[in-house]
Amino acid sequence: MKIKPTGDLAMIKKINTAIVLEAILKHAPLSRAQISERTGLNKATVSSLVQDLIDNQLVLEIGQGASSGGRKPVLLIFHARAGYAIGIDLGVNYIRCVLTDLEGAVLMDNELPLKTNQQQKVIEQLAACIDSLRNVMPDSPYGLVGIGIGVPGIVDDQGMILFAPNLDWKQVKLQQALAERYDVPITIDNEANAGAQGEQKYGAGRGIAHQIYVSVGIGIGTGIILNKELYKGASGYSGELGHLSIEMNGKPCRCGNDGCWELYASENALLEQAAPLGYSDLDALLQAAEDGDRRVQQLFSRIGTALGTGIANIVNVFNPDVVIIGNRMSRARQWIGPSLQETVTRRSLSYHREKLQILFAELNDQSAVRGAAYYAISRFFIKTKGGV
Ligand SMILES: [Zn+2]
């Protein structure tokens with residue numbers, strides 16, 4: 001058998017570089033000797049790979065660690081500001097964007113109201129948001145490494161928005177429109193998937209294997225993390241649990257079904273039921289509940305029950321470690337939490353609840369935007385680890 005030594009050696013070097021970088025990302029600060037111990041690679045190999053990473057400005061040497069007898073070792077850290085990422089959460093009535101470093105820390109954020117759903121105007125506003133961050137981005141070796149965007153709809157793997165019912169969009173080539181303006185990788189995904197990633201990497205889901213993120217806003221979407229990986233299904237369309245049927249003869253939904261979960265448990269459902277009480281937005285309702293308005297408190301409690309009903313189904317299907325309630329309704333935690341918990345307990349199977357925790361988003365309204373930035377960061381790492 002003939003082997004191609006150069007190809008194989010190059011591949012081995014790429015794999016080993018990825019292993020070294022991963023060790024530094026996870027456990028820094030580390031000395032070269034500690035990297036060698038952790039990875040099982042010999043010290044000469046580690047030294048050579050570390051030098052490449054330093055030359056590529058992805059790793060920095062800092063101070064000196066404690067000596068175990070001989071010369072004090074130099075410690076290595078990941079150079080988080082070797083480049084920057086932009087994350088965007090395109091809401092139905094707002095655009096939120098953040099500039100992060102390569103560890104996902106937020107340097108700057110910006111939010112503007114979205115008063116139109118007209119595609120061209122929305123794209124202009126997205127561009128304005130991106131530019132506002134790019135203009136203040138510090139100089140760095142890699143500059144802007146990518147843009148990630150969470151959108152309230154179903155997205156195919158080419159970044160085309162197939163269907164965004166609450167924006168009234170079908171077949172919108174958002175990725176293509178932005179790629180014409182920006183020469184960096186652009187990743188577009190559903191906002192609930194982005195929110196699930198945000199909580200998994202930086203929020204309440206850190207270190208948790210099986211996490212279902214329930215984004216409760218104008219509609220309801222879910223992002224499913226199994227074994228710490230986002231589960232996207234055969235075509236990338238998983239997670240449309242807002243359209244779980246919970247009322248067999250229920251109200252008609254825009255999706256064509258009747259009795260969908262989001263018709264009873266979303267912010268829209270809340271506002272619909274709040275209208276006869278004279279309220280038209282979430283902030284006013286939260287204030288009224290705070291001020292002791294019993295009718296409003298009972299309304300939140302009903303929404304909690306409706307949320308719990310759908311979550312009980314999710315718990316029985318997935319047996320997750322955690323369910324995280326995110327997006328705007330997470331602000332009503334205090335008012336929806338008790339009835340939600342009680343309903344899940346009453347309606348789900350006891351075996352499935354043994355390890356179950358129901359949590360609220362730790363990143364509050366930044367779950368999706370931080371997750372969107374993470375898409376850009378992870379793409380950069382995939383490319384870098386394969387290419388150093
Ligand atoms: Zn539906």
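A few notes on this one:
- Residue within segment 262-272 that is within 16 Å of the ligand (Cβ to nearest atom), within 21 Å of residue 243 (Cα to Cα), part of a helix (DSSP H, G or I) and free of Cβ contacts under 8 Å to residues at least 12 places away in the same chain present: yes
- Residue within segment 205-213 that is free of Cβ contacts under 8 Å to residues at least 40 places away in the same chain and not in a strand (DSSP E or B) present: yes
- Restricting 16, 56, 42 to those that are within 30 Å of residue 131 (Cα to Cα) and either at pLDDT 95 or above or not acidic (Asp, Glu) (or both) reduces the list to 56.
- Residue in segment 98-105 that is outside the structural domain of residue 380 (by TED's automatic domain parsing) and either touching a Cys at 6+ places or on another chain (Cβ under 8 Å) or without any contact (Cβ under 8 Å) to a residue 24 or more places away in the chain (or both) present: no
- Qualifying positions in segment 237-261 - within 13 Å of the ligand (Cβ to nearest atom), of a type in the set (Gly, Ala, Ser) and either in contact (Cβ under 8 Å) with a residue 60 or more places away in the chain or crowded, with 18+ Cβ neighbours inside 10 Å (or both): 242
- Here is the figure for segment 337-378: residues that are charged (D, E, K, R), surrounded by 17 or more Cβ atoms within 10 Å (Cβ to Cβ) and modelled with pLDDT of 95 or more total 2.
- Residue in segment 194-206 that is more than 20 Å from residue 93 (Cβ to Cβ), in contact with an Asp or Glu (Cβ under 7 Å, 6 or more places away or on another chain) and acidic (Asp, Glu) present: yes
- Cβ separations smaller than 6 Å between residues 6+ apart or across chains give the following pairs from segment 324-335 residues that are touching a residue at least 60 places away in the same chain (Cβ under 8 Å) to residues that are acidic (Asp, Glu) and not in a strand (DSSP E or B): 324/199; 328/267; 329/267.
The values are calculated or read from the model by the stated rules, or taken from the named source; none is laboratory data. Computed from a predicted model, the values in this text were never measured in an experiment. All Cβ positions, glycine included, derive from the backbone under ideal geometry; neighbour counts span all protein chains shown.
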